[in-house]
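First up is the structure itself, then whatever we jot down about it.
The values are calculated or read from the model by the stated rules, or taken from the named source; none is laboratory data. Just so it is clear, the structure is predicted and the values come from calculations on it, not from any experiment. Cβ sites come from the backbone with ideal geometry, for glycine too, and all protein chains shown count toward neighbours.
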Amino acid sequence: MRIFKESVDRKRLSIINDMPISIDIRQSSPGRVRFKNGSTSQIGCLGCINPRCMSFSEQEIECDYVSSFPCDKSIGVCPVDALSWDIVIDAPTIDICKCISCGICVSRCPIGAMYFSEQGEVHINSNTGYTEKNKIPDSSVKDIHLSQIKQLIKIPHTGILLNASDTLFERVYKKPLGIDSKYHNFIGRNLLIALGCKCSMRRIGDVYTRMDAIYLSSTGTFGAIEIEFGRDTLEAVRGILDDIAVLHTRYGIHRNNNKAMVICLQLPNERQGYWQVVKDIKSVEKIKIGTVTVGGLMFLLWNGCTLKPENDLYYLDYDNMDLRNILSKETGVAEIGLSKRKLGIMEPMK
Ligand code: SF4
Ligand code: SF4
């Protein structure tokens, strides 16, 4: 994974004329900002100095709940290297062939300049709109710019990035299904960060720590993460037990404070041993391992939610393999537009 360096010289910087009070995010068109006087406007890419759409902060990738965790330092937001900076237009550019439509970059743009098309392709609004462009980026302009970005992040963002449907998920899932395994952990980690967690991914090559990642939700729930895109999900649940033991003995984290989760691409089939093993672990060890899919996490993100794994919310087992119900309550979407058993995202395929 490339480490994005933001030290690109800007030829211009955008300053907003008036601070909006809310930002309405929508599918198929750039976000609309609303001002105090009731008027609305679209605002194009601001050419940020530290583009949130492209890089995480150190705090986001370092889960300080576990000190000295061997954390991978990659700060690239795009988990599949589909984003780069176009120095000619001073804005991000997307390699559509690589993009998996996860929506992480879109969700992080503070002004709604990035948006999804109906087909789930990411676009950038480069229309100058309601900004004063071509400001020479001297230090005072940079300061105003940075302070405006800080304010914009705090402004309420409402609306849905992307509506789920069979066609959309079929298209979106085509790429992760065949993607190089080097991207798997980045997809899991970056989705968790976009969903409001701090998440540290194990440094590549560190075989001593073993777990794929650790997370800390915005409400203080901590846990180990195993990320499994293949069919060997049973191995992932065994790995979780290993992770719990390592975090207990080496880092002093009691297993009761470890709300571990498996992130899989597709839920294991009903007859696979996974579900029974998860149930057995709960019965014998009193440990409830959560299970969530990549598509489920994307669905939360597209609907403007954060991940709140409190009270073992994502615990599924042999008696209940229904992620749909949980996501429906979390997002407030009563009828999720994805057919039953489709791609194993909301419930097992068979
Ligand atoms: S797309 Fe958004 S976050 Fe990215 S540089 Fe433009 S304004 Fe900044
Ligand atoms: S939608 Fe996801 S995969 Fe596509 S460019 Fe953005 S971060 Fe990368």
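Points worth noting:
- Only one entry of L307, L265, L247, L300 meets the criterion of being under 19 Å from K174 (Cα atoms) and buried (at least 19 other Cβ atoms within 10 Å of the Cβ), and that entry is L265.
- Filter pass, C105 being of a type outside the set (G, A, S), over 22 Å from L13 (Cβ atoms) and near ligand 2 (Cβ under 10 Å from one of its atoms): no
- Every residue from the stretch 70-105 that is away from ligand 1 (no atom under 14 Å from the Cβ) and of a type in the set (D, E): D72, D81, D95
- P176 meets each of the listed conditions (1) within 16 Å of ligand 2 (Cβ to nearest atom); (2) modelled with pLDDT of 95 or more; (3) in contact with a helix residue (DSSP H, G or I) (Cβ under 8 Å, 6 or more places away or on another chain) apart from (2).
- Residue pairs meeting the criteria (Cβ under 7 Å; at least 6 apart or on separate chains; first touching a residue at least 24 places away in the same chain (Cβ under 8 Å) and farther than 17 Å from I153 by Cβ, in the stretch 96-117; second charged (D, E, K, R) and not in a loop (DSSP other than H, G, I, E, B)): I100/K175
- Residues that are more than 15 Å from ligand 2 (Cβ to nearest atom) and touching a Leu at 6+ places or on another chain (Cβ under 6 Å) were ranked within the stretch 112-161; the one that is modelled with the highest pLDDT is H145.
- Meets criteria (of a type outside the set (K, R) and at pLDDT 90 or above) for I75: yes
- Among the residues examined, D90 does not qualify as more than 13 Å from the chain's Cα centre (by Cα), near ligand 2 (Cβ under 9 Å from one of its atoms) and under 25 Å from P30 (Cα atoms).
- In the stretch 64-86, the condition of being within 16 Å of ligand 2 (Cβ to nearest atom) and within 17 Å of H145 (Cβ to Cβ) is met by at least one residue.
- Within the stretch 142-166, being under 27 Å from K340 (Cβ atoms) and of a type outside the set (G, A, S) holds for I160, L161, L162, N163, D166.
- Residue identified as more than 22 Å from E310 (Cα to Cα), touching a Lys or Arg at 6+ places or on another chain (Cβ under 9 Å) and surrounded by 14 or more Cβ atoms within 10 Å (Cβ to Cβ) among R210, R271, R171: R210
- Residue count for the stretch 48-69, restricted to those that are touching a residue at least 60 places away in the same chain (Cβ under 8 Å) and either surrounded by 14 or more Cβ atoms within 10 Å (Cβ to Cβ) or within 12 Å of ligand 1 (Cβ to nearest atom) (or both): 13.
- For the stretch 313-350, a tally of residues being surrounded by 14 or more Cβ atoms within 10 Å (Cβ to Cβ) and assigned to a helix (DSSP H, G or I) returns 10.
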